[in-house]
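The values are calculated or read from the model by the stated rules, or taken from the named source; none is laboratory data. Note that this is a predicted model, so its numbers are computed, not measured. Every residue, glycine among them, receives a Cβ derived from its backbone with ideal geometry; neighbour counts consider all protein chains shown.
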Amino acid sequence: MTTLTGTSTRTITGYIVTLLEYPRWLIEREVDFTDCHLSGDFDAEDTQCRDCHFGEACDWLNTNRSEPTLNSPLPDLLHALQTSVQYVRSDARSAPQHDRHCDCDTCAWLHEATNFLRTQRHKT
Ligand SMILES: [Zn+2]
């Protein structure tokens, strides 16, 4: 039986911090600010931002500007993980090769992150 105090918090936190490395790398690699009128400074009120192809990824990067650490609050980490799962999943769905049997890094990550979030849902 694990509790959300002491050692297991550090373990869960460390696990999420590690899990978040992949989507951050993926999103940073994908987003291109070359033609951005705001140089990547996402503005939800801006029409260009709303229509932008990179909007969702850019929004995530701006929300999670600093890299997560072991001192980040757990709800923040879980939220960052949930939103990155949504992003990576919708991104993967737009490519036909990522079907149920795909075992690329992205699909493996999605599988692991989704399973982890499912276990967390029962505890909160
Ligand atoms: Zn895949």
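Data table
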read-out	value
Within segment 1-110, helices (runs of 4 or more DSSP H) holding 1 or more residues that are β-branched (Val, Ile, Thr) and loosely packed, with under 10 Cβ neighbours inside 10 Å	7-30, 47-51
Residue that is nearest to the chain's Cα centre (by Cα) [pool: residues in segment 27-40 that are of a type in the set (D, E, K, R), modelled with pLDDT of 90 or more and under 18 Å from residue 80 (Cα atoms)]	28
Residue satisfying all of: in segment 62-113; without any contact (Cβ under 8 Å) to a residue 60 or more places away in the chain and touching a Lys or Arg at 6+ places or on another chain (Cβ under 8 Å); farthest from the ligand (Cβ to nearest atom) among these	67
Flag if residue 114 is among the hydroxyl-bearing types (Ser, Thr, Tyr) and either modelled with pLDDT of 95 or more or not in a helix (DSSP H, G or I) (or both)	yes
